[in-house]
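The values are calculated or read from the model by the stated rules, or taken from the named source; none is laboratory data. Computed from a prediction, not measured in an experiment: that's the story for all the values here. Using ideal geometry, Cβ is built from the backbone for each residue, glycine included, and neighbour counts are taken over all protein chains shown. Surface accessibility is based on the protein's heavy atoms, side chains included, excluding ligands, DNA and RNA. Shrake-Rupley method; radii C 1.70, N 1.55, O 1.52, S 1.80 Å.
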Amino acid sequence: TAAAQDEQFRRTGRLVGPLHGVVMAIKDQFDTFDMRTTAGADAFYANDRPPQDATFVKRLRAAGAIILAKANLAEYATDGARSSFGGTFCNPYDTEREPGMSSAGSATSVAANLVTCAIGEETVVSIRWPSSVNSLVGLAPTEELVSRKGMMGSGLSMRVGPICRSVEDAATILDATAGHDPKDELTAFSVGRRPAQSYVSFATAGRLDGLRIGVVREYMPTS
């Protein structure tokens, strides 16, 4: 794929898209037509290839991303850092420390410099926790922003989001994946609600003047 992209750039002088040559790992809970999808389970279907990519994977490829691998996950995206298919994974900064919850394979693949960015899935804190303990930037958008078509075990509280080394990289991935998908009815709620500018245009250094910060009062002690 990289060679084909290089040849196209040589001939045309144009990049495939904003993710030209960006190497990525996808949590092994999402369909990729050229790699098996196991959800971490050591079952007979571990050698099956889905007939097509998940919607957001198609969008990543169209933007130029190179899908290098599927990342290990806690089996069936439950709690923990082990699956019967992929085994135990650990924090690359200290192998005796916690790597995070079910998307830890995605986060550790970035932290170990195996890929530039990865895609995780979050039901509770499965993107944010692995990102935090692996010194990364993780974003768990609302369910309606990124299609879950092609997700094994998708439910109403499960979200698709990027795990990268910088805010700008995460925003670039979100630009490529966000938007309405007729195959995921929930994404209809994103129509007309995305910003007029790209997400990456907001990922710049600056002051917080004019921004509103929400405070969830019911989680605060009253005394």
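Odds and ends about this structure:
- Largest-first ordering by accessible area, 1.4 Å probe, given options S132, S201, S190: S132, S201, S190
- Other-chain or far-sequence residues with amide H under 5 Å of G80's (modelled H): S102
- Shown in residue order for the range 5-21 are the 3J(HN,Hα) couplings computed by the Karplus curve 6.51 cos²θ - 1.76 cosθ + 1.60 at θ = phi - 60°: 5, 4, 5, 5, 5, 5, 6, 10, x, 10, 6, 4, x, x, 10, 3, x Hz (x for Gly and Pro).
- Per-pair calculated FRET efficiency, R0 = 35 Å: Y219 and T1 via Cβ, rounded to 0.05: 0.15
- Amide H to amide H, with H built 1.01 Å from N, G120 comes under 5 Å of G161, I163, counting only residues 5 or more places away or on other chains.
- FRET E, pair F189, S166, Förster distance 22 Å, beta-carbon r, rounded to 0.05: 0.20
- For the range 15-119, the convex hull spanned by the alpha carbon atoms encloses 84 Å³ per residue.
- Unmatched cysteines, the chain - criterion: no other Cβ of a Cys under 4.7 angstrom: C90
- The portion of the accessible surface of the chain made up by carbon and sulfur, rounded to a whole percent, is 54 (1.4 Å probe; DNA, RNA and ligands excluded).
- Given a 1.4 Å probe and the protein chains as shown, E7 ends up with an accessible area of around 70 Å².
- Computed from phi, the 3J(HN,Hα) profile of the range 203-218 under the Karplus parametrisation 6.51, -1.76, 1.60 (θ = phi - 60°) reads 8, 10, 5, x, 7, 9, 4, x, 7, 9, 10, x, 10, 7, 5, 5 Hz, with x in place of Gly and Pro.
- Efficiency of FRET from Cβ geometry, L211 and S157, R₀ 22 Å, rounded to 0.05: 0.20
- Note, ³J(HN,Hα) from phi for the range 158-166, Karplus 6.51, -1.76, 1.60, rounded to Hz, x at Gly and Pro: 9, 10, 10, x, x, 10, 9, 8, 9
- Counting all C-alpha pairs of the range 85-142, share separated by more than 19 Å (%): 18
- The chain: calculated mean residue ellipticity at 222 nm from DSSP helix runs of at least 4, using -39500 (n - 2.57): -5500 deg cm²/dmol
- Amide H contacts under 5 Å for I66: G21, V22, V23, M24, restricted to partners 5 or more places along the chain or on a different chain, H placed in the peptide plane at 1.01 Å from N.
- Given +1 at the Cβ of Lys and Arg, -1 at the Cβ of Asp and Glu and no other charges, the dipole of the chain around its Cα centre is 600 debye to the nearest 20.
- When the chymotrypsin sites (Phe, Trp or Tyr not before Pro) in the range 4-94 are filtered for DSSP coil states and for at most 15 other beta-carbon atoms within 10 Å of their beta-carbon, the remaining sites are Y93.
- Taking all protein chains into account, the per residue accessible area for the chain stands at 54 Å² (1.4 Å probe).
- Extension gain, N47 back to Q197 (0.36 nm per residue minus Cα-Cα distance, nm): 49.8 nm
- Per residue, the convex hull spanned by the Cα atoms of the range 106-223 amounts to 157 cubic angstrom.
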